[in-house]
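Have a look at the structure below before the remarks.
No lab work stands behind these numbers, since they all come straight from the coordinates. These figures come from a predicted structure and were not determined experimentally. Reconstructed Cβ throughout: ideal geometry from the backbone, glycine too, with neighbour counts over all protein chains shown.
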Amino acid sequence: MTQSVCILGVTGSIGRSTLKILEQHPEKYSVFAIAAYSRIQELVEICKQYHPRYVVVPSARADELAQLLKAQNIQDIEILTDQAGLIAVAEHPDVDVVMAAIVGAAGLLPTLAAVRAGKRVLLANKEALVMSGDIMMQAAKDHGALLLPVDSEHNAIFQCLPEDYLQIEKKGEPESGVAQILLTASGGPFLNYSMEQLKTVTPVQACQHPNWSMGQKISVDSATLMNKGLELIEACHLFSIKEHFVTVVVHPQSIIHSMVQYVDGSTLAQMGNPDMCTPIAHALAWPERIHTHVPPLNPFIHSRLDFQEPDLIRFPALKLARQAMQAGGLAPAILNAANEMAVAAFLQDKVSFLEISQIVEHSLNQVQNGPAESIELILQTDRLARQVASQRIMQLES
């Protein structure tokens with residue numbers, strides 16, 4: 001009996017990698033619903049190949065999609081729109097697995113809907129957990145959802161932890177002999193750039209990650225190290241530990257995806273070629289293992305592994321993220337919202353690379369923090385932080 005899969009963000013890099021895995025295992029998985037924001041022509045081709053029951057797009061693109069599907073004689077696919085459509089497919093009773101791969105805050109509500117519906121949720125949208133960590137994790141517990149990490153680093157940590165670690169009640173302290181988590185970072189394309197060089201880097205340069213093929217937003221986040229900051233916050237929530245038990249280690253080769261240290265002196269590392277199909281397949285089939293096209297690691301080719309501490313002077317975003325996690329409450333949501341606005345402005349050549357972190361820091365200082373008591377309050381704070389960041393962006397432009 002096949003499992004029905006819903007892919008939120010199907011035309012992105014994670015979505016396309018998920019389709020690769022599903023295509024290899026048609027006896028195990030079928031595509032039930034898909035969602036995309038743009039790339040309508042690509043979406044049509046996916047519909048043609050996988051024939052999902054539902055497809056979700058922004059309402060402004062629904063007519064265009066309908067006409068293209070009709071032109072291709074693709075029938076019996078229902079088109080849903082906007083957040084309501086995303087939530088409807090995420091919590092649909094016929095869905096077994098939800099790949100939560102929508103980038104940014106837009107993925108929060110559908111991811112939470114899938115969790116509250118008790119689905120197996122493959123979490124690639126780190127921002128959803130950054131914004132609503134305590135609420136999301138409590139919802140998973142209350143509704144029996146299986147929340148499995150797809151980020152290569154968190155998936156690596158998950159693989160290196162004891163099998164029952166996620167089920168253990170923790171109060172911020174590591175359990176089962178765990179001493180600390182070592183969260184690896186490639187360092188991005190500007191690892192060895194001086195501060196002077198960083199002043200003039202371009203969006204094109206920032207999107208050229210040395211090891212991974214990713215979308216623009218996450219590529220820029222990797223270049224600023226904000227991606228690692230968001231992952232630090234995500235790790236704290238996923239594994240129920242305080243931030244000082246998570247150490248970021250720059251590892252340029254991206255072969256070790258993360259490590260877990262134990263109190264007896266052992267350090268367990270998960271290694272592999274940098275391909276997102278590996279963690280996706282692991283989360284999809286866990287606790288089993290399934291084949292992928294990813295070749296096994298050749299230690300004779302990858303014979304050198306380097307490690308260094310992150311430079312928080314050149315890359316202050318990581319420090320800001322740790323401070324937001326220390327502050328708790330709404331601070332991570334403020335951090336995320338301001339960063340999304342700043343990265344978008346950078347990609348449009350409105351602000352410089354170094355100004356991204358400045359905008360985030362300004363927003364953290366200007367927007368009042370407090371307990372993250374509800375999703376409504378989190379979303380309200382998200383909107384306020386975006387307004388503050390937008391105002392700062394306009395000041396920098398003038």
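Quick look at the values:
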| item | result |
| --- | --- |
| Rounded to 5, the percent of DSSP beta bridges in the chain classed as antiparallel | 25 percent |
| Where the Cα pairs of the chain fall when distances are cut into 20 Å bins, in % | 28, 60, 12, 0 |
| Set of lysines with alpha-carbon distance to Lys70 below 17 Å, sequence-local pairs under 8 removed | Lys48 |
| Exposed trypsin sites (Lys or Arg not before Pro) absent: longest stretch of the chain, with sites in DSSP loops and at most 10 other Cβ within 10 Å deemed exposed | 1-170 |
| Long-range HN-HN contacts of Ser176 with modeled amide H, under 5 Å | none |
| Rounded to whole Hz, the Karplus (6.51, -1.76, 1.60) HN-Hα couplings of region 256-270, x for glycine and proline | 7, 8, 3, 9, 10, 9, 10, 5, 8, x, 6, 10, 9, 10, 9 |
| Per-residue ³J(HN,Hα) for region 114-127, Karplus 6.51 cos²θ - 1.76 cosθ + 1.60, θ = phi - 60°, Hz, x for Gly and Pro | 5, 5, 5, 8, x, 7, 7, 10, 8, 8, 10, 8, 5, 4 |
| Of the GluC sites (Glu not before Pro) in region 312-398, those whose Cβ has at most 16 other Cβ within 10 Å and which sit in DSSP loop | Glu373 |
| Region 1-107: GluC sites (Glu not before Pro) in DSSP coil with no more than 15 other Cβ atoms inside 10 Å | Glu27 |
| Exposure rule at most 15 other beta-carbon atoms within 10 Å, DSSP loop chymotrypsin sites (Phe, Trp or Tyr not before Pro): the chain longest free segment | 1-299 |
| Unit charges on C-beta of K, R, D, E only; dipole of the chain, Debye | 420 debye |
| Hull shadow area, averaged, region 328-398 [alpha-carbon convex hull, nm²] | 4.2 nm² |
| Hydrodynamic radius of region 152-315 per Kirkwood, over alpha carbon pairs, in Å | 16.8 Å |
| For the chain: relative contact order, % (alpha-carbon pairs under 8 angstrom, 6 or more apart) | 14 percent |
